[in-house]
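K.L.:
Below are the structure tokens for one structure; questions will follow.
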Amino acid sequence: MFKDDFYSITEHSFIEPNIAEFTVRFNLEHIIYHVHFKNNPITPGVLIVQIVKELFSFLKKDDFSIKKVKSIRFVHPLIPTEHSEAQYKLELQTVDNEGLYPVNVTVYSRDIVFSKIKLYLKQGNL
């Protein structure tokens, strides 16, 4: 888990019954930012997606795994020196008959969209 190490949750709430929003603050001193990329840190895409899984698990108070990724669009690089915080908006849908939880995610800060993600999570570890 990267929560409380690579990032921390500074705020979270439900905007609507099926839409949760989190404010995440990135740890600029984390080793990942020193190697990805030195003197020009960028939040790795794989960690942007991992944070979605961790936020969903936090919401559900249980462990979830990413079962399937339908689409990922990295629209703008998330540069932590320019945006030390980002909002994760999770649009939750009803669990399907296979036990998969579809989630649509937008990662943004003010008027800049960093990522749009559609994935399916499953309870437990794969």
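K.L.:
Relative to the longest principal axis of the chain, what angle (0 to 90°, nearest 10) does the C-alpha long axis of helix 45-60 take?
P.N.:
Once rounded, the angle reads 50 degrees.
K.L.:
Something else about it: May I ask for the distance between the Cα centers of segment 76-126 and segment 15-51, given as a whole number of Å?
P.N.:
That distance is 11 Å.
K.L.:
Right, here's the next one. Run lengths n ≥ 4 of DSSP H only: what is the helix-derived mean residue ellipticity at 222 nm for the chain, with -39500 (n - 2.57) per run over all residues, to the nearest 500?
P.N.:
-5000 deg cm²/dmol
K.L.:
Of the cross-linked pairs Lys38/Lys122; Lys3/Lys38; Lys3/Lys116; Lys38/Lys118; Lys38/Lys60, which ones have a Cα-Cα span greater than 28 Å in the structure shown?
P.N.:
The pairs that break the limit, which is 28 Å between Cα atoms, are Lys38/Lys122; Lys38/Lys118; Lys38/Lys60.
K.L.:
May I pose another question? Which percent of Cα-Cα pairs in the chain sits in each 5 Å bin, short to long?
P.N.:
Values per bin, smallest distances first: 2, 11, 22, 24, 20, 12, 6, 2, 0, 0.
K.L.:
Run the numbers for Thr81 and His12: contour at 0.36 nm per residue of separation, minus the present Cα-Cα distance, in nm.
P.N.:
22.6 nm
K.L.:
Hey, can you rank 1-11, 28-38 by average C-beta count inside 10 Å, highest first?
P.N.:
1-11, 28-38
All of the numbers you see were taken from the coordinates with simple rules; none came from a lab. Given the structure is predicted, the values throughout are model-derived calculations rather than measurements. Don't worry about glycine lacking a Cβ; one is built from the backbone with ideal geometry, like all the others, and counts go over all protein chains shown.
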